[in-house]
Amino acid sequence: MQFKLPFNKKQPPSVEEAPKEKENLVRVAIATDHFIQSIKNATNNPADLIIKTIPPNLTLFYIDKLVDNQTLNNDIIANLQNKPHDTPNSIEAALSVPEVVISSLLKEAIDGIVNGSVVIHVGGFPQVLLVNIANRESRALAAPENESQVIGTQVGFNESLSTNISVIRRYIVCPDLCNEKLKIGTRTNTSVALLYMNGIANNQMVNTLRQRITDLHLDELLDSAVLSEMIDDNSLSVFPQMLLTERPDRFCDAILDGKIGIIVDGSSLAIICPQSFTEFFQSQEDQNLRWQIATFVRLLRLAAFFLSVYLTPFYVAALTFHYEVIPQAFLVPLSESRALVPFPPIFEALLLEFIIELLREAGARLPTKIGQTIGIVGGIVIGTAAVQAGITSNILLIIIALSALASFTSPSYMMGNVIRLIRFPIIILAGFWGFYGIMLAFCFILIHLLRQTSLGAPYLSPFYPPRMKEMRDSIIRMPIPLTAKRPALTRAKDKNKFEPEPVKPEKS
């Protein structure tokens, strides 16, 4: 009988891991020449490595353009020059920089250099000082480009992790906001921030998400979209289970509801989870509109989703198998429009859908001014020429344009891509089996969505499992006084956002 060691017991290092563990315990050399050679060997002697000597026994190591030159000259070099210092502790007391660490490991010194710190070596001592004066370039805060709105804040995330966290703390001025810093990528060593509200977020979800992130063994992590795909409940599904947003207000609103947020250094998109299917059709602007208008807009988005996915397959199925469903008033103009078309409806629809996707992708990849021109002129010219040449009918051209327009109503770019993709197999099934093929595709998608989860929470919540009280802020946005409870999807510790029945002031 074989027995397994408990999960918390640490396994002995393997043959491959032993050299790496031994390398991490290498001490700092006492001799200055030996330490300089060790740094050059460990960093492959890059051209931007600066080695500066300050008499009598100090040597500075840093990488050019990664440190703040003004702080380096005014607060470090000016305080150390022409002043005798005996020990690393006395040097630390002489510096006016807040982040100073004394270390005796060579690996920590190398990591400090590549992360924007200045390493100060004192000749004759086996310790170095790591002075963090990193200066990472980042663009200024600007309005979100992919999630624009009329009513609400006009500030979006940028690529700096520290800047994004400071923006979040401007919205949530509370000590309960937890910020855990993790490292991912053996080559990139990317910083990842895990944010949640203590006392609101579910501990099991926080532990699960933390475990998924720490279990990743990657060489690189350059964007949050890659991270969200790798920690999804089902990475093989075409439907996203985590929301990517560039809006700080939406991110903070989700955290206050009991959700968990992830920010990746170098990415302007933050991750929110868990997420339900209907929340991908909600916008942060819905909270700023009157509840009647917000409900109408949400219903319009969901109607556009079904219209974009099923309108073209319905046309193909009706013309191929089910003429009886077409009203008699439409039979004559429909037959006249298809009189010169030599192709079957399925080929005609797939051809136009392919052309629309070509125009959309070309317009997105070209510069802004050229992309708009290509999209408008290309659509008009190709559509008109195709109808005149008898390649397609004008009615199908209207249907394809309407479906493409409806796919843009989703506030989430990831869900918009899903709508573009699933339309093609449904058209093919409609061309082979008619309405039966459409129902087969609908049942397959519905079963797939019923089986999906987001961080263990049901993906189709609140419809499955059915929760009538939760539906007041899903498709329909009820008045704010009626939405006092946090969504059951998050399993929050504190169920209430505010008192369900606030005390109304007495009228004088």
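The values are calculated or read from the model by the stated rules, or taken from the named source; none is laboratory data. Note that the coordinates shown come from a computational prediction; the quantities given were computed from them, not determined experimentally. A quick note on method: Cβ atoms are made from the backbone with ideal geometry, for glycine too, and the neighbour counts reach across all protein chains shown. These accessible areas exclude ligands, DNA and RNA; they are computed on the full protein's heavy atoms, side chains included. Shrake-Rupley method; radii C 1.70, N 1.55, O 1.52, S 1.80 Å.
Things to note:
- Sorted largest first by accessible area at a 1.4 angstrom probe radius, with every protein chain in place, the residues ILE326, ILE255 fall in the order ILE326, ILE255.
- Near THR188: Cβ cut-off under 14 Å, other residues only, Lys/Arg at +1 and Asp/Glu at -1. The net charge is -3.
- Take every pair of alpha-carbon atoms less than 8 Å apart whose residues are at least six positions apart; their mean separation over the length of the chain yields a relative contact order of 13 percent.
- Where labels lie 7 Å past Cα in the beta-carbon direction, separation of ARG467 and GLN211 in nm: 2.2 nm
- The phi torsions of the range 102-107, fed into the Karplus equation with coefficients 6.51, -1.76 and 1.60 and a -60° offset, translate into couplings of 9, 9, 10, 9, 5, 5 Hz, rounded to whole numbers, with Gly and Pro shown as x.
- Computed over protein heavy atoms with a 1.4 angstrom probe, the accessible surface ordering of PHE125, PHE330, largest first, is PHE330, PHE125.
- Phi-derived couplings, Karplus 6.51 cos²θ - 1.76 cosθ + 1.60 at θ = phi - 60°, listed residue by residue for the range 169-179: 5, 6, 7, 10, 8, 8, x, 6, 6, 8, 10 Hz, with x used for Gly and Pro.
- Ellipticity at 222 nm from helices only: DSSP H runs of n ≥ 4 in the chain, each -39500 (n - 2.57), divided by the residue count, give -13000 deg cm²/dmol.
- P(r) weight above 29 Å for the range 294-451, C-alpha pairs, percent: 21 percent
- With both labels modelled 7 Å from their Cα along Cα-to-Cβ, the THR384 to ILE36 distance reads 7.4 nm.
- Links that overshoot a 19 Å alpha carbon limit, given the list LYS181/LYS493; LYS40/LYS181; LYS65/LYS181; LYS469/LYS497; LYS259/LYS493; LYS52/LYS183: LYS181/LYS493; LYS40/LYS181; LYS65/LYS181; LYS52/LYS183
- At 1.567 mPa s and 4 °C, Stokes D of the chain from Kirkwood alpha-carbon radius, µm² per second: 47 µm²/s
- Surface share of carbon and sulfur [accessible, 1.4 angstrom probe, percent] for the range 142-253: 49 percent
- Once Rg and the Kirkwood radius are both taken over the C-alpha atoms of the range 206-362, their ratio Rg/Rh works out to 1.12.
- The Cα atoms of the range 121-228 define a convex hull whose projected area, averaged across directions, is 10.6 nm².
- Computed FRET value (nearest 0.05) for ASP223 with PHE408, which takes r as the C-beta separation and R₀ as 35 Å: 0.90
- Solvent-accessible surface of the range 294-451, averaged per residue with a 1.4 angstrom probe and all protein chains in place: 55 square angstrom.
- Total charge dipole magnitude, the chain, about the Cα centre, Cβ charges on Lys, Arg, Asp, Glu only, Debye to nearest 20: 1060 debye
- Whole-Å semi-axes of the ellipsoid equivalent to the range 278-361 (Cα gyration tensor, √5λ, descending): 35, 18, 10
- Lys/Arg +1, Asp/Glu -1 at C-beta; the range 294-451 dipole; positive extreme among ILE438, TYR310, LEU366: LEU366
- Cross-link reach list, aspartates and glutamates versus LYS107, counting only Cα pairs under 14 Å and skipping chain neighbours closer than eight places: GLU21, GLU23
- Every Cα-Cα pair in the range 26-132 was counted, and those over 24 Å apart are 13% of them.
- At R0 = 56 Å, FRET efficiency that the Cβ-Cβ distance of TYR436 and ILE77 yields, to 0.05: 0.10
- Accessible-area value, LYS52, 1.4 Å probe, nucleic acids and ligands omitted, Å²: 80 Å²
- Computed over protein heavy atoms with a 1.4 angstrom probe, the accessible surface ordering of GLU285, GLU229, largest first, is GLU229, GLU285.
- Förster-model FRET efficiency, 22 Å R0, ILE50 and ALA93, C-beta, rounded to 0.05: 0.35
- Charge dipole (debye, nearest 20) of the range 294-451; +1 at Cβ of Lys and Arg, -1 at Cβ of Asp and Glu: 540 debye
- Put simply, the amide H of ILE260, placed in the peptide plane, has neighbours under 5 Å in CYS273, leaving out anything fewer than 5 places away on its chain.
- What the range 26-132 shows is 49 Å² of accessible area per residue, with the surface traced by a 1.4 Å probe over protein heavy atoms.
- Computed over the range 181-234: relative contact order in percent, which uses C-alpha pairs under 8 Å that are six or more apart: 43 percent
- Computed in the context of the full set of protein chains, the accessible area of the range 294-451 at 1.4 Å probe radius has 78% of its extent on carbon or sulfur.
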